[in-house]
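What follows is a single structure, written as structure tokens, with notes after it.
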Amino acid sequence: AGLILIGGFGPAAADEKQIVIGSGGTTGVYYPVAIAICRLVNSSKSDHGLSCSVESTSGSVDNLRRLRQGTINFAIVQSDWQSHAFHGTGVFEGAGPHEQLRSVFSLYPEAFTVVARADANISAFQDLKGKRVNIGNAGSGQRATMEVVMDAFGWKRFDFSQTRDFSSAHQSQALCDDEVDAIVFVAGHPSGSIKAATSQCRANLVHVSGPIIDKLVAEHDYYRGATIPAGMYRDQPEDIETFGVGATLVTTSDSSQAAVRGLVKTVFDKLGTFRSMHPALANLKAAEMSTEGLAAPLHAAAKAYYQN
């Protein structure tokens with residue numbers, strides 16, 4: 001996929017017609033959502049001349065690094081890591097601010113989600129102490145967000161009896177195989193991985209709430225309270241209280257006006273179809289997509305489209 005945009009002149013100009021979207025693991029929600037965007041773009045190629053493909057990656061943090069390197073030119077990322085990349089904070093402190101990062105639109109809310117084995121006696125996040133926990137793979141948004149929550153609680157890895165680094169694609173199976181007591185996601189709901197865990201073995205969703213979480217949400221504008229509605233998964237009789245971020249589509253200022261406008265116009269012209277392509281997209285509202293959870297400035301072409 002090492003394509004992307006070097007400028008509008010000479011041989012590289014052909015690459016301006018190629019959109020490569022960094023997504024996440026194939027069992028997560030980013031991957032099918034990126035495929036949905038590409039299906040819409042590719043079905044409208046006669047209108048804008050763009051081709052779109054999807055790259056499976058480790059997730060938000062990996063995507064933001066790839067964007068900076070220029071090996072992809074669009075990516076789906078958590079709103080918190082978009083903010084950190086733009087400002088050069090958190091895991092991006094060493095790299096410094098990515099001033100060329102640009103927002104395209106926001107997608108759906110993502111909840112910080114903890115799933116535990118039913119036999120592990122875990123009903124709240126605080127109960128994870130001393131347990132075997134999958135904290136996510138390096139490069140994923142869920143790993144980075146888990147580290148933020150651990151910091152808020154004053155926990156280190158040794159506060160768990162064991163930590164694992166399974167990717168989102170493998171952690172549900174690890175839970176069912178009794179390799180861990182609990183797994184952590186940042187996910188749009190319903191999630192295929194969580195459906196797998198709650199249907200293939202006895203597992204339950206865990207509350208992530210209380211004063212420490214309230215303080216975390218109050219101090220960071222990219223976090224918000226979140227509720228996973230009762231009945232979303234098997235054996236889930238009650239609403240689960242947690243916090244969350246937003247999934248967002250980003251690019252860089254190097255992306256051409258034509259590429260960004262073509263993608264945005266296609267998605268908004270076909271928003272009804274887009275909503276029907278994955279359950280996480282069902283409640284998208286155009287007005288919110290152009291404003292919410294966008295820490296980086298809008299790409300000029302997206303801004304112009306929304307103002308018309």
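Rule-based calculations on the coordinates, nothing more; no lab input. These numbers come from a predicted model, not from an experiment. Cβ: placed from backbone, ideal geometry, glycine included. Neighbour counts: every protein chain shown.
Collect residues whose amide H, placed 1.01 Å from N in the peptide plane, falls under 5 Å from the amide H of Gln236; neighbours closer than 5 in sequence don't count.
HN-HN under 5 Å from Gln236: Gly231.
If I model a spin label as a point 7 Å beyond the Cα along the Cα-Cβ vector, how far apart are those points for Ala169 and Glu241 in nm?
3.7 nm
Relative to 2.2 N^0.38 Å, what does the C-alpha radius of gyration of the stretch 153-229 come to as a ratio? Two decimals please.
1.24
Rounded to the nearest 500 deg cm²/dmol, what is the calculated helix-only ellipticity per residue at 222 nm for the chain, with -39500 (n - 2.57) per DSSP H run of length n ≥ 4?
Result for the chain: -10000 deg cm²/dmol, rounded to the nearest 500.
Report the extension gain between Arg202 and Asp47 in nm, rounded to one decimal, defined as 0.36 nm multiplied by the number of residues separating them, less their alpha carbon distance.
In short, 50.9 nm is gained.
Relative to the longest principal Cα axis of the chain, at what angle does helix 60-69 sit, 0 to 90 degrees, rounded to 10?
The helix 60-69 is inclined about 30 degrees to the chain.
Report the extension gain between Gln307 and Lys215 in nm, rounded to one decimal, defined as 0.36 nm multiplied by the number of residues separating them, less their alpha carbon distance.
Roughly 29.6 nm would be gained on extension.
Using only Cα atoms, tell me the angle between helix 257-269 and the longest principal axis of the chain; keep it within 0 to 90° and round to the nearest 10.
Taking the Cα atoms of the chain, the angle to 257-269 is about 60 degrees.
What's the angle, to the nearest 10 degrees (0 to 90), between helix 141-153's Cα axis and the longest principal axis of the chain?
Once rounded, one gets 50 degrees.
For the chain, I need the span (max minus min coordinate) of the C-alpha atoms along each principal axis, in Å, sorted largest to smallest.
If we take the Cα atoms of the chain, the spans are 61, 40, 32 Å.
Considering only DSSP beta bridges with both partners in the chain, what is the antiparallel share in %, to the nearest 5?
65 percent
Looking at the chain as a GNM with Cα springs under 10 Å, which of Lys265, Lys215, Lys285 has the largest mean-square fluctuation?
Lys215
Non-local amide H neighbours of Tyr108 (under 5 Å, H modeled in plane, Pro and chain starts lacking H): which ones?
Under 5 Å from the amide H of Tyr108 lie the amide H atoms of Ala247, each far enough along the sequence or on another chain.
On full extension of the chain, what length is gained from Asp119 through Ser276, given 0.36 nm per residue of separation minus the C-alpha to C-alpha distance?
This chain segment gains 52.8 nm when fully extended.
Of Lys156/Lys195; Lys45/Lys195; Lys195/Lys270; Lys131/Lys195; Lys270/Lys303; Lys195/Lys215, which pairs sit farther than 26 Å apart, going by alpha carbon to alpha carbon?
Lys156/Lys195; Lys45/Lys195; Lys195/Lys270; Lys195/Lys215
Checking the cross-link filter: which aspartates and glutamates have an alpha carbon closer than 20 Å to that of Lys17, excluding same-chain neighbours under 8 positions apart?
Counting by Cα, and skipping residues close in sequence, Lys17 has these aspartates and glutamates nearby: Asp47, Glu55, Asp254, Asp269.
About its Cα centre, what dipole magnitude does the chain give when the only charges are +1 on Lys and Arg Cβ and -1 on Asp and Glu Cβ, stated in debye to the nearest 20?
680 debye
Output the peptides 230-239, 46-55 sorted from most to least packed, where packing is the average of other Cβ atoms within 10 Å over each peptide's residues.
The packing order, highest mean first, is 46-55, 230-239.
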